[in-house]
1. Using the Cα gyration tensor of region 172-279, with a ≥ b ≥ c the square roots of its eigenvalues, what is the shape: rounded (a/c below 1.5), prolate (a/b larger than b/c) or oblate (neither)?
2. Want the number for LYS152 to ASP400: 0.36 nm per residue separation, take away the alpha-carbon distance, what's left?
3. At 0.36 nm per residue, and after removing the present C-alpha to C-alpha distance, how many nm does the segment from ASP387 to GLU128 gain when stretched out fully?
4. Using a Förster distance of 22 angstrom, determine the FRET efficiency expected from the C-beta separation of SER202 and MET274, and round it to 0.05.
5. Between their Cα atoms, which of LYS295/LYS354; LYS212/LYS255; LYS306/LYS361 are more than 23 Å away from each other?
6. Using the basic label-point model (7 angstrom from Cα toward the beta carbon), what is the HIS242 to THR409 distance in nanometres?
7. Expressed as a whole percentage, what fraction of the accessible surface of region 121-204 belongs to carbon and sulfur atoms when a 1.4 Å probe is rolled over the protein heavy atoms?
8. Evaluate the distance, in nm, between pseudo-label points positioned 7 Å from the Cα of GLU26 and of ASN139 along their respective Cα→Cβ axes.
Amino acid sequence: NCRGDEAALEAEVNGNWTPQEKALHEARLKAKAKRRVRKSSSRSESLSESLSGELADGDSYSSKGKVPVPNDRKSRTGKGRGLPKKGGAGGKGVWGAAGMVYEVEEPDAKDPNYDEVGDTVYATVVPEVDERELEKTVNPIVREYFEHGDTKEVQMLLKELNLGHHKYEFSSLAVSLSLEGKASHRELTSRLLRDLVGKVLSDSDMARAFDKILKELPDLMLDTPEAPQMLGQFIARAIADHALPMAFLDRYKGKVDCDHARAALDRAAVLLSMKREMVRLDNVWGVGGGLRPVKHLVKEMNFLLKEYLVSGEVKEAERCLRDLEVPHFHHELVYEAVVMVLESKGDTAVKMCKLLQAFWKIGLITVDQMNRGFQRVYDELPEINLDVPHAHSIMESFTDLCYQESVITKQLRDSCPSRGRKRFVSEGDGGLIKN
């Protein structure tokens, strides 16, 4: 019956339908046949997946129910055209596969960075330091230099900065800061100026810097009254170190109206006119702090103590000791003072005890430095006794005096060595033996 109906339907179609209706009907039949084929294939795939799932004993499935296959290059999302993936070697904005060689591309004239010559040079541009920020930038560099004293590090920092036409002001700021500091800072500044010339600064930059300082001298004197004399020493030292040209002083002859600037220039001229045997400009500031040789420090402390014994001025001795800038070496002053007491006579012991007591009260000499100085004398007392026969007895009386004046501790006094020989009855001491 079905075949007869189909034949009748076909005859009806062939006899009564138009060509357009006939073509549309055939297309529908083909689409229906394709759907049947797809359904049958999906049923077979599901059956095979269920069987493989049982054999895999719990393998993980994808979102579509398919078993992942190693090295499968087809998409598992169920989307797309079923083509293999590119493996990250293609697409927009990627570099491509490893080992891929690209051809040389011709420069695009429409590119904003296009250079007609073709010799494009790329360099890091450091912006110029603003004049208002110059002092904030330079001051930390100079203050840190006062701590480490390494001129090469300062050169490296200045080369990294773009000071522009304000480059000469670094020297003027460094000199101004050193005028407010110690003698050792001024010595370090003179060395820095010497090392910067020819590497970071020129002779003309250095001359401009000192010209500026001479103009600012009245303002500098508000904080440092000795600024004219110090600036004169700076100028003389810079000329001696070839940091300033020799004609620097000649430019100001008869052209200076400021009295303070004239005093600074006169001071520089006097120092440069002296003979080398009379003054050495290398030590115009006196080498301060740890830069001094030990022998020179010992000599200075001996001179300090001898001057104090003559004048008796504690304040002057205190100023001289502070100017040496060696607080770690104050035990040498204690040692030299005690040795001077052992080798001299008269009221030397009382004066030295007064000096040590004054230094102790103001904290100039610490407990550690005091103990170390006395202990050094204790250790060398046998050798000192060869030149000073009564060294032991003098030492005992001096330590007792210092203890009474609260200069040393009881423990330090008790550790004072005494003469090792015992005294016997025959020496006429009433039959007693000294313990």
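The values are calculated or read from the model by the stated rules, or taken from the named source; none is laboratory data. All figures in this text were calculated on a predicted structure; none of them were measured in a lab. Quick reminder, even Gly has a Cβ in these numbers, built from the backbone with ideal geometry, and neighbours come from all protein chains shown. Keep in mind that these areas ignore ligands, DNA and RNA; they rest on the heavy atoms of the full protein, side chains included. Shrake-Rupley method; radii C 1.70, N 1.55, O 1.52, S 1.80 Å.
1. Values: a/c = 1.20, a/b = 1.06, b/c = 1.13.
Taking the square roots of the gyration eigenvalues as a ≥ b ≥ c, region 172-279 is rounded.
2. Numbers: separation 248, 0.36 × 248 = 89.28 nm, distance 5.30 nm.
Full extension from LYS152 to ASP400 adds 84.0 nm.
3. Values: separation 259, 0.36 × 259 = 93.24 nm, distance 6.96 nm.
Separation in residues times 0.36 nm, less the Cα-Cα distance, equals 86.3 nm.
4. Details: r = 28 Å, r/R0 = 1.29.
Working from the Cβ atoms, E equals 0.20.
5. Working: LYS295/LYS354 26 Å; LYS212/LYS255 15 Å; LYS306/LYS361 21 Å.
Cα-Cα > 23 Å for LYS295/LYS354; rest within.
6. Taking the two extended label points, one gets 5.6 nm.
7. Working: 2260 of 4630 Å².
Carbon and sulfur: 49 percent of the exposed surface of region 121-204.
8. For GLU26 paired with ASN139, the spin-label model returns 9.8 nm.
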